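The values are calculated or read from the model by the stated rules, or taken from the named source; none is laboratory data. Since this is a predicted model, take the numbers as computed values, not measurements. Don't worry about glycine lacking a Cβ; one is built from the backbone with ideal geometry, like all the others, and counts go over all protein chains shown.
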Amino acid sequence: MRIISQDKKRDVPYDSVTVYVSDVLPEQIWVNFVQYKETYVMGKYNSEEDALYVMKSIRQAVNNEYRYYVMPSAEKVEWCK
């Protein structure tokens, strides 16, 4: 599966990255390319709870074998919860 960043500027392969909610900025979701030592912010949300909601959505997309997942806007997450 591919994950497309909120701003549509990054498109990363899920199986090659670590996806996580930042410890320092808990409202942000980051990806880390371990082999390339690169880290990118994929989405920014209004709260840690919203970021965790998106993480759950990513896991569901993987389990459902989606081809790609577009990081939702902060406003859309507020509306969906």
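Quick check: is even one residue across the range 72-81 part of a helix (DSSP H, G or I) and touching a helix residue (DSSP H, G or I) at 6+ places or on another chain (Cβ under 6 Å)? Give the steps one after another, and end with the answer.
Within the range 72-81, the subset part of a helix (DSSP H, G or I) is 74-80.
This time we only want the ones that are touching a helix residue (DSSP H, G or I) at 6+ places or on another chain (Cβ under 6 Å), so: 77.
Yes, because at least one residue in the range 72-81 is part of a helix (DSSP H, G or I) and touching a helix residue (DSSP H, G or I) at 6+ places or on another chain (Cβ under 6 Å).
Somewhere in the range 34-49, is a residue in a strand (DSSP E or B) and over 19 Å from Tyr69 (Cβ atoms)?
Yes, because at least one residue in the range 34-49 is in a strand (DSSP E or B) and over 19 Å from Tyr69 (Cβ atoms).
Would you mention how many residues in the range 24-38 are over 11 Å from the mean Cα position of the chain (by Cα) and either of a type in the set (A, V, I, L, M, F, W, C) or modelled with pLDDT under 90 (or both)?
Final tally of qualifying residues: 8.
Testing Lys37 on (1) without any contact (Cβ under 8 Å) to a residue 60 or more places away in the chain; (2) surrounded by 13 or more Cβ atoms within 10 Å (Cβ to Cβ); (3) basic (Lys, Arg), one condition comes back false. Which one is that?
Status for Lys37: all satisfied but (2).
Could you check how many residues of the range 60-79 are loosely packed, with under 11 Cβ neighbours inside 10 Å, closer than 17 Å to Gln28 by Cβ and at pLDDT 95 or above?
0
Assigned to a strand (DSSP E or B), among the β-branched types (Val, Ile, Thr) and within 12 Å of the chain's Cα centre (by Cα), is that true of Val54? Steps first, please.
Numbers: assigned to a strand (DSSP E or B): no; among the β-branched types (Val, Ile, Thr): yes; within 12 Å of the chain's Cα centre (by Cα): yes.
So Val54 does not fit the description; no.
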